Amino acid sequence: MPETLAQPRPLARIVRGTGPGLVLAHGGGGGAELNWGTFILPLAERHTVIAPDFPGSGRTPAEPGELRLDDLADRLVAAAVEEGQTRFDLVGFSLGAAVAVRAARRHPGLVRSLTLVAGLAHTTPHLRLLTDCLLTAQRLDPLLQAKLTLPLLLSPDWLNTQADADLVALAKLMLVTTPPGFRQQFELAAEVDVRPDLPHLTMPTLVVSPTADALVAPAQHRLLAATVPGAELLELPSGHLVLTERRAELLTALRAFLARQN
């Protein structure tokens with residue numbers, strides 16, 4: 001398809017560093033700083049890192065109506081183009097991986113490589129049920145929703161190393177950092193399907209699968225790796241929030257993969 005972009009509403013973004021462009025797409029209910037904050041400066045040592053906030057996260061205001069995957073994909077790419085990037089590497093986490101897949105499908109000439117971390121390929125009945133429970137809990141008792149989210153994001157191995165008081169404090173932190181766009185982003189996650197896009201992706205692709213993911217089942221990660229032509233699969237022992245549990249290993253793997261593209 002043509003690489004010319006319409007003029008979508010701009011996304012607020014964090015921009016750091018110099019060098020080849022690198023775009024980071026955050027997960028549903030997260031944000032550029034919330035999800036990628038500890039990665040941005042290390043990656044900016046060799047790249048121009050662009051980390052946009054989706055509507056309702058970070059510094060991008062919430063917007064009325066439903067979020068659309070095509071719209072988010074175009075706005076993600078537009079953020080990179082607005083920062084002077086004509087070709088860039090693209091990394092997506094969770095829902096951000098689905099946005100990244102759609103962006104790469106719609107604008108293949110702009111995306112040099114693709115990394116999909118704990119990626120969502122399509123909404124399953126399992127995920128739809130979890131999403132409905134979390135959204136209902138948020139409406140009734142936001143602290144309960146935060147507590148329910150913890151074992152979905154973090155593995156038993158990680159959680160069992162934490163004191164009870166620390167887990168309560170973590171739930172309260174999640175409560176105060178939950179972005180206004182949480183509901184809209186999770187409602188989008190409840191209807192995503194990028195499987196038709198996957199066979200058409202031709203750029204080098206790395207799929208990172210946290211093997212104890214209780215939110216997006218590892219079978220989805222393996223589906224991404226099996227369907228994108230030539231994709232590499234990296235499995236890490238972690239819950240969904242592999243950016244926290246296995247930060248060092250993920251950063252090392254991401255740096256190595258990106259170094260081969262530039």
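The values are calculated or read from the model by the stated rules, or taken from the named source; none is laboratory data. Bear in mind the structure is a predicted one, so any value in this text is a computation, not a measurement. In this analysis, Cβ positions are derived from the backbone assuming ideal geometry, glycine residues included, and neighbour counts consider all displayed protein chains. The accessibility values were calculated without ligands, DNA or RNA, using every heavy atom of the protein model including side chains. Shrake-Rupley method; radii C 1.70, N 1.55, O 1.52, S 1.80 Å.
Summary table
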quantity: Residues being assigned to a loop (DSSP other than H, G, I, E, B) and either in contact (Cβ under 8 Å) with a residue 60 or more places away in the chain or at positive phi (or both) - total across region 109-159; calculated: 10
quantity: Members of region 4-23 found to be closer than 22 Å to residue 109 by Cα, modelled with pLDDT of 95 or more and either open to solvent by 80 Å² or more (accessible area, probe 1.4 Å) or of a type in the set (S, T, N, Q) (or both), listed by number; calculated: 18
quantity: Enumeration of residues in region 89-131 that are touching a strand residue (DSSP E or B) at 6+ places or on another chain (Cβ under 8 Å) and at pLDDT below 95; calculated: 123
quantity: Tally of residues being within 18 Å of residue 176 (Cβ to Cβ) and buried (at least 20 other Cβ atoms within 10 Å of the Cβ) across region 29-59; calculated: 8
quantity: Breaking point among (1) over 28 Å from residue 148 (Cβ atoms); (2) in contact with a Gly (Cβ under 7 Å, 6 or more places away or on another chain), for residue 35; calculated: (1)
quantity: Total residues in region 221-261, condition polar (S, T, N, Q), touching a strand residue (DSSP E or B) at 6+ places or on another chain (Cβ under 8 Å) and surrounded by fewer than 21 Cβ atoms within 10 Å (Cβ to Cβ); calculated: 1
quantity: Scan of region 125-135 for residues that are crowded, with 16+ Cβ neighbours inside 10 Å and under 15 Å from residue 223 (Cβ atoms), ordered by number; calculated: 127
quantity: Verdict on residue 167 being more than 15 Å from residue 135 (Cβ to Cβ), in contact (Cβ under 8 Å) with a residue 12 or more places away in the chain and surrounded by fewer than 20 Cβ atoms within 10 Å (Cβ to Cβ); calculated: yes
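Here is a yes/no grid of residues against (1) among the charged types (D, E, K, R); (2) within 25 Å of residue 260 (Cα to Cα); (3) in contact with a Cys (Cβ under 9 Å, 6 or more places away or on another chain):
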| residue | (1), (2), (3) |
| --- | --- |
| 99 | no, yes, no |
| 107 | no, yes, no |
| 116 | no, yes, no |
| 124 | no, no, no |
| 134 | no, no, no |
| 139 | yes, no, no |
